[in-house]
Amino acid sequence: MIQNEFPFNLDDLVHLRAFESNRIDFKATWDKPIKAAVMRTICAFANDLLNINGGYIILGIEEEEGKPILPPRGLEGFNIESIQKEIRGMCKRINPEYQPVLFPVYYYEKPILIIMSPGSDNRPHQAPMDVNVKKSNYEYFVRQGPETVEAKKQLRTQLMELAAKIPFDDRRNLAATIEDLSPTLVKRHLKDVRSGLLSIGQDIENIELFHRLRITSPINSHEVPKNVGLLFFNEDPDQFFSGARIEVVQFGDDAGGDLIEERVFRGPLPQQIKNTLEYLDSLGGTLLKKVRGQAEVERTVPYPYEAMEEAIVNAAYHRGYDGPPEPNKVYLYPDRMEIISYPGPVPGIQLKHLEPDHTVPQVPARNRRIGDFLKELRLAEARGTGIPKIRRKMDENGSPEAQFLFDDDRTYFKVILPVHPRYQVLHALREAAHLWAVGEKIQAVRHLERTFNHQPSSGALASQLIEYAFGIHDLDLAYRILRTFKEQEEPKSESSLPHLTLARFLIDRGQHKEANEILGHIPSSRTFNDTVEAAILLKRAKDLKRAHHLFAEVYSINPDDPKIVHEFAQTKAGLARSLWKKEDIKTKKRLNLEAAELLRRAIQLSNDPTREAWCWFDLARILNWLRAPYSEVESAFLKAQTLQPDEPRFKEVYQKFKRKK
């Protein structure tokens, strides 16, 4: 009888979606050469050199460059029952005997046969070089990439070292009973992976489900769970494996002394992973930044979800569940996330293999069953893809490069994900603002200094530090911060902001000369808004010529901003007042006429009564100098007072004007 009785999703298997391609062998038909090749590959999968839990041979589907050709050719014209008997018979010749699991099924309405060959508990195995020859030599076979090869020299030595070694996750657990496996969790898993196993009838016994998933093992006259079954299908694996949980600890400072929050995530491994990722993702948000000249908005997150996912999943996949008792840990600092698992990597992996442009070598995995379940749930991907994916996702987010570390004794493995620079700055500014608000001003400054030492090219940090330096009357600190910021060779964010902040506070103190010197060093790559701010500060510092130059620049870009127009007019009027020589009279008149024109434009553009009032007041004074008709000057003064009747200066200057009539 052909029916869907396997515990995985057939489409995922055929299309290589949850299974690595080197674990699947497609065979178009069934003949003597294929029979011999199948025998060798079954043996190779059973030997499971890399602890990836064997593989699958699919009879009836042709392949091209490792990809299935669909619709399948199928095994039409063959007796599927006879092929199965033939396979079982020839597998008796494997030494020691090994029997794969056979699944006959229709696919695209064509009969095919799936040969599932999981990693064996009794490896190493030998098989005939050619099963069709009675006295064929017996050899050891292993998988090397997508091919089955004879295990010679180093491969043979490596295989012998695995003799009778069962990875811990595939061992039986004598301290547990069948009752410790949850049928509900098993059925939920089968539903999540879209297995057809449950569709064959609701009367299937729980123990049969456990057998199909290979999460139990016989001992004497009864069955006991395997460790992988308890990790995935028990509500609290931590009771069987000390450390089978994830702890997330958030610190308020880099030293780790200021504990903010601690969370522990328990439950089946998939649930631990999902809950941890949901929590970590909820701590951040998305920063939106509009880039001038681009329609799109830049989006950045503190940590790319995919990078966190790979690191958390790898920690659960590759840790040792037979000790040490330390749980997987996620430490959150203001500037980074650290994911730590225990112990360190298996022998054969060196620190240099984890560096950029290096490849992690193919070595036997610590766990062979955990990866299968995680891949079927789309939580894990093919071996060797985790570190490159983390690096790629961090780079795409604009984040600093991830680091991968372990100690000489291989007691731990650590992944460090630096926070996106803008988020580190935002966190530091928030913390410092809180400290400042509650009166802890020195602590606020020191907190920002620590972050600034890590990110000395951040204009936002430098600017806030300069502001706080004036708040604690430490002018030397303000200058030192600006000097450090200017010394950075890497691209600076908000490059003009520290200059503008320092200049503004110097002007407030009446130190115009020093402010003008600072403003003279503003980067030429400043933004439009920074240019406006610099022009206003130069105007306040009485450097009207440079202010006029900058206002002319921004006015040419945006002549419809009433603030820019008004400030530009005041600058022209101020320049006119500074000209007192007889030969400057024409220039003085021209500047005043231009100022009057700008003020009329600002009045038309403004929706702010206060600005409009000051525009009328400034216009009245200029018209008075230009000897405009008395009624016109008076009208301007009166309109200013109508808009702002409580402004004493308006009344004072108007009264002087009337007395001079």
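Below is a table of values for the structure above.
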read-out: DSSP beta bridge pairing in the chain, given as percent antiparallel to the nearest 5; value: 85 percent
read-out: Ordering of 83-91, 432-440 by packing [mean C-beta count within 10 Å, highest first]; value: 83-91, 432-440
read-out: Cα radius of gyration and Dmax for the stretch 8-116 (Å); value: 13.2, 37
read-out: Full-stretch length increase - ARG450, ASP646 - with 0.36 nm per residue and alpha-carbon distance subtracted; value: 65.7 nm
read-out: Furthest towards positive pole of dipole, SER341, VAL105, ALA46, structure part the chain, Cβ charges; value: SER341
read-out: Residue-normalised accessible area of the stretch 468-515, expressed per residue, 1.4 Å probe, Å²; value: 54 Å²
read-out: Two-site label geometry, ARG600 and GLN271: point separation in nm, points 7 Å out along Cα→Cβ; value: 7.8 nm
read-out: Over the chain: helical MRE at 222 nm, DSSP H runs n ≥ 4 each giving -39500 (n - 2.57), nearest 500; value: -14000 deg cm²/dmol
read-out: In nm, spacing of pseudo-spin labels at ASP407 and ILE557 (7 Å Cα→C-beta vector); value: 5.4 nm
read-out: Extended-chain gain in nm, criterion 0.36 nm per residue less alpha-carbon gap, LEU283 and HIS358; value: 23.7 nm
read-out: Residue-normalised accessible area of the stretch 592-661, given per residue in Å² at a 1.4 Å probe; value: 60 Å²
read-out: Ranked by how many other beta carbons lie within 10 Å on average, peptides 18-30, 393-405 from highest; value: 18-30, 393-405
read-out: Alpha-carbon centroid distance for the pair the stretch 628-661 / the stretch 52-113, whole angstrom; value: 100 Å
read-out: Sites GLU139 and GLU64, calculated FRET efficiency, Cβ-Cβ separation with R0 30 Å, nearest 0.05; value: 0.55
read-out: Angle between the chain longest axis and helix 459-471 axis [Cα atoms, degrees, rounded to 10]; value: 50 degrees
read-out: Relative contact order of the chain, pairs being alpha-carbon contacts under 8 Å that are 6 or more residues apart, as %; value: 8 percent
read-out: Protection proxy ranking, peptides 364-377, 618-631, average beta carbon neighbours within 10 Å, highest first; value: 364-377, 618-631
read-out: Stretchable slack from ASP11 to VAL653, in nm (0.36 nm times residue separation minus alpha-carbon distance); value: 222.4 nm
read-out: Label-to-label distance, nm, for residues given as ARG88 and GLU150 (7 Å Cα→Cβ offset); value: 3.2 nm
read-out: Set of the stretch 11-30 residues, backbone N closer than 18 Å to the point 7 Å along the Cα-Cβ line of ARG378; value: 11-20
read-out: Accessible area of the stretch 579-661 belonging to carbon and sulfur atoms, whole % at 1.4 Å probe; value: 50 percent
read-out: Calculated FRET efficiency for the pair HIS473/THR587, C-beta based, R₀ 56 Å, to 0.05; value: 0.85
read-out: Cross-link reach list, lysines versus LYS660, counting only Cα pairs under 26 Å and skipping chain neighbours closer than eight places; value: LYS572, LYS581, LYS582, LYS586, LYS588, LYS589, LYS639, LYS651
read-out: Accessible solvent surface per residue of the stretch 1-55, calculated while the other protein chains remain in place, 1.4 angstrom probe, Å²; value: 29 Å²
read-out: Percent accessible area from carbon and sulfur atoms, the stretch 429-530, protein chains only, probe 1.4 Å; value: 46 percent
read-out: Residues with amide H under 5 Å from that of ASN328, placed H, sequence gap 5 or more; value: ARG245, GLU247
read-out: The stretch 548-647: projected area of the alpha-carbon convex hull, averaged over directions, in nm²; value: 6.5 nm²
read-out: Sulfur and carbon atoms: percent of accessible area, the stretch 360-416 [1.4 Å]; value: 47 percent
read-out: Listed residues ILE115, ILE472 arranged by accessible area, highest first, probe 1.4 Å; value: ILE472, ILE115
read-out: Alpha carbon convex hull of the chain, projected area averaged over orientations, nm²; value: 42.3 nm²
read-out: Around GLN272: net Lys/Arg minus Asp/Glu count, Cβ-Cβ under 9 Å; value: +3
read-out: Heavy atoms of TYR56: accessible area, 1.4 Å probe, square angstrom to 10; value: 10 Å²
read-out: Cβ-Cβ FRET estimate between LYS441 and ASP238, R0 fixed at 60 Å, reported to 0.05; value: 0.85
read-out: Under 5 Å, built H, 5+ apart or other chain: amide partners of ASN53; value: GLY119
read-out: Where ARG659, ARG378 fall by accessible area, highest first, once all protein chains stay in place (1.4 Å); value: ARG659, ARG378
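The values are calculated or read from the model by the stated rules, or taken from the named source; none is laboratory data. Predicted model only: the values in this text are computed from it and were never measured. So basically every Cβ, Gly included, is an ideal-geometry build from the backbone, and we count neighbours across all protein chains shown. These area figures cover heavy atoms from the full protein model, side chains too; ligands, DNA and RNA do not enter into them. Shrake-Rupley method; radii C 1.70, N 1.55, O 1.52, S 1.80 Å.
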